[in-house]
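Below is one structure, written out as structure tokens, with a few remarks after it.
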């Protein structure tokens, strides 16, 4: 009987680890950048006095989203300079923070303060819309990787020990830096279009540059990995006027497609060998099938639409694409054709930078300063709730699931919402 009990115990332990890993949210927009969660029990309604499990004041502002690894939450912030509309302070006092927060109680377990490589872009204008900590960290379960623009890419142990730092460019932009790192095998991939006009791949163990793809202009978009039917992957990068398909191992350009003729902010969304890209003032969205070679504009561009998103990244669910756009409009279009299913104005909802989160058949969205909204997912528009935490600071971060609860991040606090 002892061997049988040992086998049962081992099976339970393995199952427990599998379930535990399933709850992790290791990068911007979660596993595969899909912003789709398997979490159960997330609330529909909340307020400053209802369903707030904990509220943790942060040491500074930031537009980055939290990530979740086991019982820990990691999130970035900045302090000392550029806080709020009026800014204030000196650039010399600008500090970036990597925070480790206990998921159960919200206690800050670690605060790694990092000095800034000066001079930084002066605070003001559109930079004041999101600040100096807009890049979401990424983890492989062993280390953390964080990007802070011209100050560089950092690797940390889970205990907060700095493992390496690498520069990927020293330029700045009046709109600041915002792309998030992406892991591809043994590489950390950074869209450093602002800092050096390139996508840069670093060895994640050493920080040494492995490859660099030049010519990346007007792009604040986080790239994505596209899975092909033969098991191979392509790295899809969206930039002004183009969409590129690169070999993620070498950086070699595989294909190019005509893209949005303007700056791009939303991350690339991929699903079933198709990449969806969208952007800003041109109000445009494209669907491109992967696997091509050379200029695939005529051969692999599946459709083009005049509906798009300025900042939030769309998500895919059962043949439909969903996103929120300014000024407070909810969109649903067919992923196969781009045909609009609904275009619904959300009266009084306001400007949105955060992307949607899908969990339990519900879409969770957050406006910058007009609270949150919960929608039913599906071809018919249905608003389930509007919620306000009474926090007058800015909410730029995308909602994140965390062990049956919901994480919301403002410029001043990290909230855990749940029953």
Q) Among (1) in contact with a strand residue (DSSP E or B) (Cβ under 8 Å, 6 or more places away or on another chain); (2) within 30 Å of residue 127 (Cβ to Cβ); (3) crowded, with 22+ Cβ neighbours inside 10 Å, which single condition is residue 311 missing? A) (1)
Q: Scan the stretch 372-402 residue by residue and report those that are more than 16 Å from residue 315 (Cβ to Cβ), surrounded by fewer than 19 Cβ atoms within 10 Å (Cβ to Cβ) and touching a residue at least 12 places away in the same chain (Cβ under 8 Å).
A: 380, 383, 384, 385, 386, 388, 390, 391, 392, 393
Q | Residues satisfying the stated conditions in the stretch 115-161, i.e. in a strand (DSSP E or B) and under 18 Å from residue 78 (Cα atoms) | A | 115, 138, 144, 145, 146, 147, 153, 154, 155, 156
Q.
Based on this model, can you work out whether residue 193 counts as at pLDDT below 95 and either surrounded by fewer than 24 Cβ atoms within 10 Å (Cβ to Cβ) or within 27 Å of residue 395 (Cβ to Cβ) (or both)?
A. no
Q: With the condition kept exactly as written, say whether any residue in the stretch 165-178 is more than 20 Å from residue 248 (Cα to Cα), at pLDDT 95 or above and in a strand (DSSP E or B).
A: yes
Q. When the stretch 229-246 is examined, which residues are found to be over 22 Å from the mean Cα position of the chain (by Cα) and either part of a strand (DSSP E or B) or closer than 20 Å to residue 186 by Cβ (or both)?
A. 231, 232
Q: Among the candidates 296, 268, 260, 329, single out the residue that is free of Cβ contacts under 8 Å to residues at least 60 places away in the same chain and crowded, with 21+ Cβ neighbours inside 10 Å.
A: 260
Q. Out of all the residues in the stretch 248-279, which are over 15 Å from the mean Cα position of the chain (by Cα) and assigned to a loop (DSSP other than H, G, I, E, B)?
A. 248, 249, 250, 251, 252, 259, 260, 261, 262, 263, 272, 273
Q | Hey, residue 117 closer than 19 Å to residue 171 by Cα, in contact (Cβ under 8 Å) with a residue 40 or more places away in the chain and surrounded by 14 or more Cβ atoms within 10 Å (Cβ to Cβ) or not | A | yes
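Condition (residue is assigned to a strand (DSSP E or B), more than 20 Å from residue 146 (Cβ to Cβ) and modelled with pLDDT of 95 or more) applied to the stretch 217-225: is it met by at least one residue?
no
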Q.
Report every pair of residues separated by at least 6 positions or lying on different chains whose Cβ atoms are under 6 Å apart, first residue within the stretch 217-228 and in contact (Cβ under 8 Å) with a residue 60 or more places away in the chain, second in a loop (DSSP other than H, G, I, E, B) and surrounded by fewer than 24 Cβ atoms within 10 Å (Cβ to Cβ).
A. 226/290; 228/273; 228/290; 228/291
Q.
Can you tell me how many residues within the stretch 271-293 are surrounded by 19 or more Cβ atoms within 10 Å (Cβ to Cβ) and under 26 Å from residue 176 (Cβ atoms)?
A. 9
Q. Any idea which of (1) under 24 Å from residue 412 (Cβ atoms); (2) assigned to a loop (DSSP other than H, G, I, E, B); (3) under 15 Å from the mean Cα position of the chain (by Cα) is the one residue 351 doesn't satisfy?
A. (3)
Q | Selection count, the stretch 344-375, where residues are more than 20 Å from residue 269 (Cα to Cα) and in contact with a strand residue (DSSP E or B) (Cβ under 7 Å, 6 or more places away or on another chain) | A | 9
Q: Report, by residue number, each residue of the stretch 403-419 that is crowded, with 24+ Cβ neighbours inside 10 Å, touching a residue at least 60 places away in the same chain (Cβ under 8 Å) and closer than 17 Å to residue 35 by Cα.
A: 406, 407, 409
Q) Do the conditions hold for residue 282, that is, is it modelled with pLDDT of 95 or more and part of a loop (DSSP other than H, G, I, E, B)? A) no
Q) surrounded by 12 or more Cβ atoms within 10 Å (Cβ to Cβ), at pLDDT below 95 and over 18 Å from residue 410 (Cα atoms) - does that describe any residue in the stretch 44-64? A) no
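The values are calculated or read from the model by the stated rules, or taken from the named source; none is laboratory data. These numbers come from a predicted model, not from an experiment. Positions of Cβ are backbone-derived with ideal geometry, glycine not excepted, and every protein chain shown enters the neighbour counts.
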